[in-house]
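The values are calculated or read from the model by the stated rules, or taken from the named source; none is laboratory data. None of the values given here were measured: they were computed from a predicted structure. When we count neighbours, we look across all protein chains shown, and the Cβ atoms used for this are built from the backbone with ideal geometry, even at glycine.
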Amino acid sequence: MSSKQEVTGLLSLPPEIRDQIYTIILHPGNNRTFHPDEYNDYDYRDALALFRLNRQIYYEARDIFRTLNVFLRVETPWSEAEQHVNVIGHVPILMQGARASRFRGHSMQVTIETPEAGEHDSGTHHFVMLADDLPGFTKAWFYWNLSHPGLNKWLSLKLVLRDPYTPDWDEKHVRREVQRKLLLPFGDVKGLKHFSVTGDPKPQPKIAAELHALQALETAPPERCLAECMRLKNEGNELLQKGQYRAALDVYTRAWEAIHIVVKGRQRHVHAEAFFARELVDEPFAGKNGQLERMNLRLQLVANTCLAYLKLGDWHELQFWGMRTIQLMRQATGANDAPIAPEDEALLGFPSAPQVGKIYYRTARAFLELGDRSEARRLLRVAQVYLPHDQTVQKSLASLALKIG
């Protein structure tokens, strides 16, 4: 069939059917490309071929595209900002640099400044993103402020709504649902030195008030974060006991996030170290160190995650997550550089030492199943130091010793 016949066939359909077709083709979710560890990007090249078919289809498809794809442009004094947003926040950046600074199709301008610092030597940096990904951007900012307490009190944020498509001589308009989509995620950004939200059109007063109310909500203190992590950990443990291993892993991921550690595929982003570095005041943590309590929970979650993968027989994931923690432990003793005696590798004074022993044992099981008996034996010997009375560890080590002589 010729391209002319194809176009004619499309235009013979009712307008509402054509709109449905345009929506499927131009929806951002259908133009997203997925990469490992929950990174993603967009590629509209095939979809935008619609615009080249004929004038009528161009105008029809353009209106649908503009409705589905709402852009914002961010202006910041830091050259590393877009990398942080992309790598840590897993937020796709559509364009950056000079191309982004020239872009005029955005429905909101986001300007971040440091008023007290004056002009930055590196100048101003721009990047463009979709409103669909804005919650990831503001959440990354939320975590950045927790990791660097007091950061926001030095920053100024200006949000300016704009209608990029209506001619200057006509009344500007940004739909209510689009205003909510653009403005409310910034409720995560609190304690700024200066904050303003303006635009043409002006933000709807109720939405602006809702945004200010969200910003005024206090961040949950470390004690509440730790308590929520414990609750979710216990919920995951119950699912584990019922044999619902994948469901347990999903709940453990939420438990990690409760203490501001974000798991994306095999990436684990640890935020807010400084936020937890304090003496806790509320029960059941009163008088305890926030970092140590967080570390205890982290080790328990790793041990339980390893158990879930063991039950699933997913040896590669068990090996990966177990060794991630073990390598961190080995850094403290130098055991990453060369093998040392099991008694020296085991850090018995470490928080939740029995949980560490379980991690060693379960990771050893993965190495054994994957055919690396030498590393399995090394791990079991350290597990034996951590868990000297555990009969399962004893039997596994004895059995492995017999097999490899």
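List of remarks:
- Only a single item in (1) at pLDDT below 95; (2) touching a Gly at 6+ places or on another chain (Cβ under 8 Å); (3) surrounded by 18 or more Cβ atoms within 10 Å (Cβ to Cβ) is not met by residue 335, and it is number (2).
- Any chance residue 284 is in a loop (DSSP other than H, G, I, E, B), out of contact with any Pro (no Cβ under 6 Å at 6 or more places or on another chain) and either assigned by TED's automatic domain parsing to the domain that holds residue 373 or among the charged types (D, E, K, R) (or both): no
- Leading residue by the ranking (farthest from residue 82 (Cα to Cα)) among those in the range 126-164 that are assigned to a loop (DSSP other than H, G, I, E, B) and not acidic (Asp, Glu): 164
- Pairs with Cβ under 9 Å, 6+ apart, first in the range 38-55 and without any contact (Cβ under 8 Å) to a residue 24 or more places away in the chain, second among the hydroxyl-bearing types (Ser, Thr, Tyr) and exposed (fewer than 11 other Cβ atoms within 10 Å of the Cβ): 43/33
- Annotation note: Cβ proximity below 9 Å between a residue of the range 185-210 that is in a loop (DSSP other than H, G, I, E, B) and a residue that is among the small types (Gly, Ala, Ser) and surrounded by 14 or more Cβ atoms within 10 Å (Cβ to Cβ) (sequence gap 6+ or interchain) occurs for 192/156; 193/156; 202/208.
- Remark: pairs (first residue in the range 71-87, farther than 17 Å from residue 156 by Cβ; second residue hydroxyl-bearing (Ser, Thr, Tyr); Cβ separation under 6 Å; 6+ apart in sequence or on different chains) = 79/122.
- Yes/no for residue 317 being surrounded by fewer than 22 Cβ atoms within 10 Å (Cβ to Cβ) and closer than 22 Å to residue 245 by Cβ: yes
- Conditions (1) in a helix (DSSP H, G or I); (2) surrounded by fewer than 17 Cβ atoms within 10 Å (Cβ to Cβ); number of the one not met by residue 348: (1)
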